[in-house]
Amino acid sequence: MTDNKEEVVIRILDRELRIGCAAEEKQALLVAAEMVDKQMRTIRDSSRLFGVDKIAMMAALNIANELNQISGQASKVEHDTGDRIARLRAKLDAALAPVVE
């Protein structure tokens, strides 16, 4: 491995996986692996799904759905913020117009 890469061992649903990643990404990888493991365990323990592949697909769909919801919320906040800034600019322009003339 290169100097800035290291091998990280993660465990998901009692299976070990070795992944090479940049040293600065190690913590994020471990957090992501923990999230996937938790999601897969929840699905395994609360459903009739058998087989790691089906559990993994359900976990991936659940995580993707959460990401889509968060992304949609962020877009709405960004849009609302832009609208508020535009209204504030209009108010400032109206308030400053008599001073400029």
Which order do ILE70, ILE63 fall in if you start with the one that has the fewest other Cβ atoms within 10 Å?
ILE70, ILE63
Once you've got the GNM for the chain with C-alpha springs shorter than 10 Å, pick whichever of ALA60, ALA33, ALA86 has the biggest mean-square fluctuation.
ALA86
For the chain, longest principal axis from Cα atoms; helix 26-46 axis from its Cα atoms; angle between them, nearest 10 degrees, is 70
From fewest to most C-beta neighbours within 10 Å, the residues MET35, MET58 line up as MET35, MET58
Largest fluctuation, LEU88, LEU13, LEU61 only, Gaussian network model of the chain with Cα springs under 10 angstrom, belongs to LEU88
Along the charge dipole of the chain, Cβ charges K/R +1 and D/E -1, which of ALA86, PHE50, MET35 sits furthest on the positive end?
PHE50
Given (1) 10; (2) 28; (3) 51, which label gives percent of Cα pairs over 25 Å apart as computed from the coordinates?
(3)
For region 56-88 and region 11-46, distance of Cα centres in Å
24
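Each reported figure results from applying straightforward, stated rules to the coordinates on display, with no laboratory input. These figures come from a predicted structure and were not determined experimentally. Here the Cβ is made from the backbone with ideal geometry for all residues, glycine too, and neighbour counts use every protein chain on show.
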